[in-house]
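Student: Please read through the structure below; I'll follow up with questions.
The values are calculated or read from the model by the stated rules, or taken from the named source; none is laboratory data. What you see is a predicted model; the values in this text were computed from it and never measured. Cβ placement follows ideal geometry from the backbone for every residue including glycine, while neighbour counts extend to all protein chains displayed. In case anyone asks, the SASA skips ligands and DNA or RNA and just uses the protein heavy atoms, side chains included. Shrake-Rupley method; radii C 1.70, N 1.55, O 1.52, S 1.80 Å.
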Amino acid sequence: MYTDLYSYAAQMQKYLQAQEYRIALLEKEIQVLKKQFTEIKEKPSVTVEKIEYKFDQLKVETLEGTLNIGLNPQDLQNVDEFSVPQATPTFQTREAIKKACMEELTEYIHSNTVNTIKHFEQFYRKEIDEAYQNHIEQDLLKQLEKRVDYYLDNSLPEEQSENQKDFLKEKINHHIITDITQAISAFIMNIP
């Protein structure tokens, strides 16, 4: 009876630690969003005065030719490029984010994989020997770089800018830690 109670208490403690970590990540995201919001609020706003078109004062007897509102097709020939420049990530920023994620997640895998496995062993009431635990850890490490690249490739270009790199790093780490936890859970659950 005491072992079941101890096991339940240990599971609850691990669950609470995971929730605390998640709350800390969300608090960091909120701080970044607050900072971005204040930056946006401090930027001067653009005000467009009232624009009136009085078509009822126009007298049209015959309608010929082309009515161009805005750009004229002849004007487009003189325009080299008509696009708003996007915040393009630099190779150095992307590699810095990748390197930081790889270092932190490698450390996370080394220090937390065994505890996560033990948690799900207790939860699903299954046992995995130590050699298999090492195999799982090595497998996670082999897949880590591809997962970091995947989340980097699927992030917005402006998230890969110099001023957003810490936020993106935390976001990627959070996604991959969630992936790791779900993968270990699914693996142990499906062991016969």
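Student: With label points built 7 Å along Cα→Cβ from the Cα atoms of Ala18 and Asn163, find their separation and express it in nm.
Tutor: 3.7
Student: Report the full-extension gain for the segment Glu103 to Leu5: residue separation times 0.36 nm, less the Cα-Cα distance, to one decimal in nm. Could you put the intermediate results ahead of the total?
Tutor: Values: separation 98, 0.36 × 98 = 35.28 nm, distance 3.68 nm.
Computed gain between Glu103 and Leu5 is 31.6 nm.
Student: Now for a different question. Can you flag which of Lys34/Lys171; Lys41/Lys99; Lys126/Lys171; Lys34/Lys142 are past 28 Å Cα-Cα?
Tutor: Values: Lys34/Lys171 16 Å; Lys41/Lys99 33 Å; Lys126/Lys171 32 Å; Lys34/Lys142 36 Å.
Check vs 28 Å cut-off fails for Lys41/Lys99; Lys126/Lys171; Lys34/Lys142.
Student: Oh, and also: If you roll a 1.4 angstrom probe over the protein chains with everything in place, what fraction of the accessible area of region 131-192 belongs to carbon and sulfur, to the nearest %?
Tutor: On the way: 1870 of 3510 Å².
That share works out to 53 percent.
Student: How much solvent-accessible surface does Ser155 expose, in Å² to the nearest 10, with a 1.4 Å probe and all protein chains in place?
Tutor: Rounded to the nearest 10, the figure is 20 Å².
Student: May I pose another question? Report the net charge of residues surrounding Ser7, where surrounding means a beta-carbon distance below 14 angstrom and charges are Lys +1, Arg +1, Asp -1, Glu -1.
Tutor: Numbers: positive: Lys14, Lys118, Arg125, Lys126; negative: Asp4, Glu121, Glu127.
Value of the local net charge: +1.
Student: Give the accessible area for Ile136 in Å² (nearest 10); use a 1.4 Å probe, count only protein heavy atoms, and leave out ligands, DNA and RNA.
Tutor: 20
Student: Given the whole protein assembly as supplied and a 1.4 Å probe, what does the accessible area of Glu159 come to in Å², nearest 10?
Tutor: Taking all protein chains as shown, Glu159 has close to 20 Å².
Student: Would any residue of region 160-192 have its amide N under 20 Å from a label point 7 Å out along Cα→Cβ of Asp129? List them or say none.
Tutor: Those under the cut-off are 187-192.
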